[in-house]
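K.L.:
Okay, here's the structure, questions in a sec.
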Amino acid sequence: MGDYLYLPQQSEEHFAVHNRNDLDFIELNPLLSCLICFPIEKQSSRQFQDFWNWFLNEHSAETYTTYTIYYFDQAYFEDNFEERNNSINQLLYSTTFEQQPPDFKYLNHQIHIWIAAHQSTVTFLETEKESYQIAPIFDLFLSESEHFTQTVTPEPMAQNPMQANILAALQGIQTALEQKNNTPLPLFRGDAQDPIEWLDDFKRAATANQYDNEYKFQIIGGYLQGSSATWFLQKTNASAQQKIVRWIPANIGENNTSFTTWFENKFKTPILISKWYMELEKKTQSPGKIVTKYAKAIRKLIKCVDSGRNWTEEQKIHFFTKGLRTDLSYAFWPLLALKDNPTMDMAIELAQRIEDNQRMHLRSTLPVFASAPVMALTSQMATTSFAAQTQDPNKQLIDRLTANLA
């Protein structure tokens with residue numbers, strides 16, 4: 001894909017040649033986005049008008065040339081994916097933008113989505129138009145391009161189920177086209193990048209943007225680069241074995257068709273798993289680090305190593321406790337033994353309570369410049385507050401065992 005940062009420089013040099021009127025150089029070095037070289041000479045199609053209004057509003061496009069129209073028509077009516085992809089690339093090179101646009105791969109993918117949505121809707125409406133009186137809706141969708149970026153609010157229709165379904169389909173497509181990228185989504189470049197961390201970051205950003213699983217799958221190709229982008233194109237090709245067709249498995253037996261499953265299987269390599277396992281083995285709670293942060297790091301590494309969720313609670317507890325600070329571990333094991341069927345969550349909570357108890361005891365032993373009654377009242381209030389928050393029946397035993405550890 002072309003480098004946008006180079007295009008403004010290229011345009012500037014090209015127009016400087018125009019000023020010199022060096023026709024021979026211009027003929028040998030044409031610029032697809034130059035309106036002087038490629039002025040608009042024909043009436044554009046209704047499909048292009050719809051597209052350009054969407055592209056203008058959603059992606060800050062500024063100008064187009066006769067080649068933009070040509071390559072759009074080539075892409076719109078092309079069934080072969082690779083040919084359509086090449087035409088969209090040329091379309092992007094023939095367009096100028098008001099400001100730096102998103103990555104061209106992302107724009108390419110968005111145009112693929114737009115074409116598919118537009119074709120599906122037009123085909124559906126044309127099929128039903130003769131049987132149902134829906135001309136106002138059809139004209140609403142096709143007469144003015146701006147309806148891709150504005151909410152459709154037609155007059156109330158008769159209670160016809162088919163008309164209601166058509167209107168719902170229109171509004172659904174418009175909603176998808178109006179999706180905003182308020183929270184930036186991360187790119188996956190492969191190589192040494194952590195695929196699990198990237199996938200978690202992508203999910204969090206998509207959730208913040210209120211994307212549903214269907215929309216995540218539609219846009220994910222625009223956030224994959226290098227070998228991962230090539231892999232995704234191959235796995236979504238119509239001829240691919242076990243073709244990827246959804247974001248996550250919706251039902252039992254759909255793992256082989258979901259992006260998240262295939263992505264982890266492909267990019268979570270044995271080398272990375274070994275690296276994570278070694279980190280997990282060596283992970284310790286360093287002085288000054290609270291249990292909460294240490295537990296978060298342990299959870300993340302366990303998730304990376306045990307993506308199949310096959311580890312027992314005993315295994316998880318082992319890796320959590322082996323790196324605990326010595327002063328916590330001393331009181332931890334006798335108290336954990338009191339728990340029936342302990343889990344990692346229970347172990348983390350217990351370690352946090354021991355740590356909190358030690359911190360409170362330490363504060364109570366520090367010199368304070370206050371009268372004895374004030375100190376006694378403060379100590380009593382703190383103890384009462386902590387006791388009110390603690391419901392575990394072994395709380396008093398934990399207090400006694402840990403009070404002198406600080």
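K.L.:
Test each condition in (1) open to solvent by 70 Å² or more (accessible area, probe 1.4 Å); (2) part of a helix (DSSP H, G or I) for residue 205 and report the one that comes out false.
P.N.:
(1)
K.L.:
A further question on this structure: Between residues in the stretch 55-68 that are in contact (Cβ under 8 Å) with a residue 12 or more places away in the chain and residues that are charged (D, E, K, R), which pairs lie under 9 Å by C-beta distance while being six or more apart or on different chains?
P.N.:
57/146; 58/178; 60/98; 61/98; 62/98; 66/41; 66/42
K.L.:
Within the bounds of the stretch 314-325, is there any residue that is in a helix (DSSP H, G or I) and farther than 19 Å from residue 284 by Cα?
P.N.:
Taking every residue of the stretch 314-325 in turn, none turns out to be in a helix (DSSP H, G or I) and farther than 19 Å from residue 284 by Cα.
K.L.:
What are the pairs with Cβ atoms under 7 angstrom where one residue, in the stretch 224-239, is farther than 16 Å from residue 186 by Cα and the other, located anywhere, is among the hydrophobic types (A, V, I, L, M, F, W, C) and open to solvent by 40 Å² or more (accessible area, probe 1.4 Å)? Sequence gap at least six, or different chains.
P.N.:
Close Cβ pairs satisfying both conditions: 235/262; 237/81.
K.L.:
For the stretch 1-75, which fully contained helices (runs of 4 or more DSSP H) count at least 1 residues that are modelled with pLDDT of 85 or more, open to solvent by less than 40 Å² (accessible area, probe 1.4 Å) and of a type in the set (D, E, K, R)?
P.N.:
In the stretch 1-75, the matching helices (runs of 4 or more DSSP H) lie at 46-59.
K.L.:
Count, please, the residues in the stretch 265-284 that happen to be of a type in the set (D, E, K, R), over 30 Å from residue 326 (Cβ atoms) and open to solvent by 90 Å² or more (accessible area, probe 1.4 Å).
P.N.:
Here the count works out to 1.
K.L.:
If residue 92 satisfies every condition in (1) touching a residue at least 40 places away in the same chain (Cβ under 8 Å); (2) of a type in the set (A, V, I, L, M); (3) more than 27 Å from residue 14 (Cα to Cα) but one, which is the exception?
P.N.:
(3)
K.L.:
All but one of (1) closer than 17 Å to residue 118 by Cβ; (2) outside any helix (DSSP H, G or I) hold for residue 100; which doesn't?
P.N.:
Unmet condition: (1).
K.L.:
Given the condition in contact with a helix residue (DSSP H, G or I) (Cβ under 7 Å, 6 or more places away or on another chain) and either at pLDDT below 70 or open to solvent by less than 80 Å² (accessible area, probe 1.4 Å) (or both), answer yes or no: does some residue in the stretch 370-379 qualify?
P.N.:
Yes, the stretch 370-379 contains a residue that is in contact with a helix residue (DSSP H, G or I) (Cβ under 7 Å, 6 or more places away or on another chain) and either at pLDDT below 70 or open to solvent by less than 80 Å² (accessible area, probe 1.4 Å) (or both).
K.L.:
Given the structure, is residue 356 modelled with pLDDT of 85 or more, in a helix (DSSP H, G or I) and exposed (fewer than 15 other Cβ atoms within 10 Å of the Cβ)? Reasoning before the result, please.
P.N.:
Details: modelled with pLDDT of 85 or more: yes; in a helix (DSSP H, G or I): yes; exposed (fewer than 15 other Cβ atoms within 10 Å of the Cβ): no.
For residue 356, the condition - modelled with pLDDT of 85 or more, in a helix (DSSP H, G or I) and exposed (fewer than 15 other Cβ atoms within 10 Å of the Cβ) - is not met.
K.L.:
Checking the conditions here, which among 327, 340 is acidic (Asp, Glu), open to solvent by 80 Å² or more (accessible area, probe 1.4 Å) and either without any contact (Cβ under 8 Å) to a residue 40 or more places away in the chain or farther than 22 Å from residue 192 by Cβ (or both)?
P.N.:
Unique residue meeting the criteria: 340.
K.L.:
May I ask you to list the residues in the stretch 210-248 that are part of a loop (DSSP other than H, G, I, E, B), under 19 Å from the mean Cα position of the chain (by Cα) and surrounded by fewer than 15 Cβ atoms within 10 Å (Cβ to Cβ)?
P.N.:
Selection gives 210, 212, 226, 245, 248.
K.L.:
Give me the residue from the stretch 79-109 that is crowded, with 17+ Cβ neighbours inside 10 Å and among the charged types (D, E, K, R) and, out of that set, modelled with the lowest pLDDT.
P.N.:
105
The values are calculated or read from the model by the stated rules, or taken from the named source; none is laboratory data. It should be emphasised that the depicted structure is a prediction, and the values quoted were computed from it without experimental measurement. Cβ atoms come from the backbone with ideal geometry, glycine included; neighbour counts cover every protein chain shown. When the accessible area is computed, the model is the full protein with side chains, heavy atoms only, and any ligands, DNA or RNA have been set aside. Shrake-Rupley method; radii C 1.70, N 1.55, O 1.52, S 1.80 Å.
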